[in-house]
Amino acid sequence: IPFGRYVLYPFTILATWFHEMGHGLTAMILGGNFHKLVLYPNGSGVAMHSGTVALGRLGSALVAAGGPVGPAIAGSLLILASRDRRRGHLALMLLGCFMVVSVVLWVRSLFGIFAIGAMGFAVIAFSSQGAIGLQNFLVQFLGVQACISTFGQFDYLMMHSANIGGQMMTSDTGHIAQQLFLPHWFWGILIMLFCGFLMVQSLNAVYGPGSRDRSHSP
């Protein structure tokens, strides 16, 4: 589609934000420190954290996996929230607020501050003023976009190292392979299967058998 790449560009940046937040928040959950998140205009990013995480090598592998898995988890939660219009509205508001909070606490690149801050305020404004039906559609749309963003990183997941911000760095699957057994491509395939499973299950919960019996809030 002509200009399709430009139309999807904001969602590419949003997917990178989900990815890097996944790294940082996983590190925090396991006892580490999340210092900052840097986003680049080309759609790449870096999450910087420190400290010893719990579970040793397994914990380090989980922090590395938190990036590519993070968007799928967030996306599945958004899709599930769309089952109920009030929950969908709340999920949209919380997402926008969390984006703005992340800018204050962690985002430290000028591009990232502008991009995530603008998108966060836009989501908040839409959740406050937009029609409920459109809000529910946006929640599902953002959820699906977040889930499928992992598949857009297929090449990255199949690499042991990648060029990020002009520097060659070990990829997420490369880090996992260093901490655990088996090659990086095995972990890349496993991550994609897991993310696909989450998306299918969440969509099945909304549209699958028995979903018609759920009650919608007016």
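The values are calculated or read from the model by the stated rules, or taken from the named source; none is laboratory data. If you're wondering where the values come from, they're calculated on a predicted model, not measured in any experiment. Note that we place each Cβ from the backbone using ideal geometry, even for glycine, and neighbour counts take in every protein chain shown. Note: areas computed on protein heavy atoms with side chains; ligands, DNA, RNA excluded. Shrake-Rupley method; radii C 1.70, N 1.55, O 1.52, S 1.80 Å.
Things worth noting here:
- Just one residue in the set Gly24, Gly45, Gly31, Gly51 is open to solvent by 30 Å² or more (accessible area, probe 1.4 Å), touching a strand residue (DSSP E or B) at 6+ places or on another chain (Cβ under 9 Å) and not charged (D, E, K, R); that residue is Gly51.
- Applying the condition of being part of a helix (DSSP H, G or I) and among the β-branched types (Val, Ile, Thr) to the stretch 68-115 and asking which residue is most open to solvent (accessible area, probe 1.4 Å) yields Val104.
- A Cβ distance below 7 Å, combined with a sequence gap of six or more or placement on separate chains, defines the contacts here; from the stretch 151-170, residues that are modelled with pLDDT under 85 and in a loop (DSSP other than H, G, I, E, B) reach residues that are of a type in the set (Phe, Trp, Tyr) and surrounded by 12 or more Cβ atoms within 10 Å (Cβ to Cβ) in the pairs Gly165/Tyr40.
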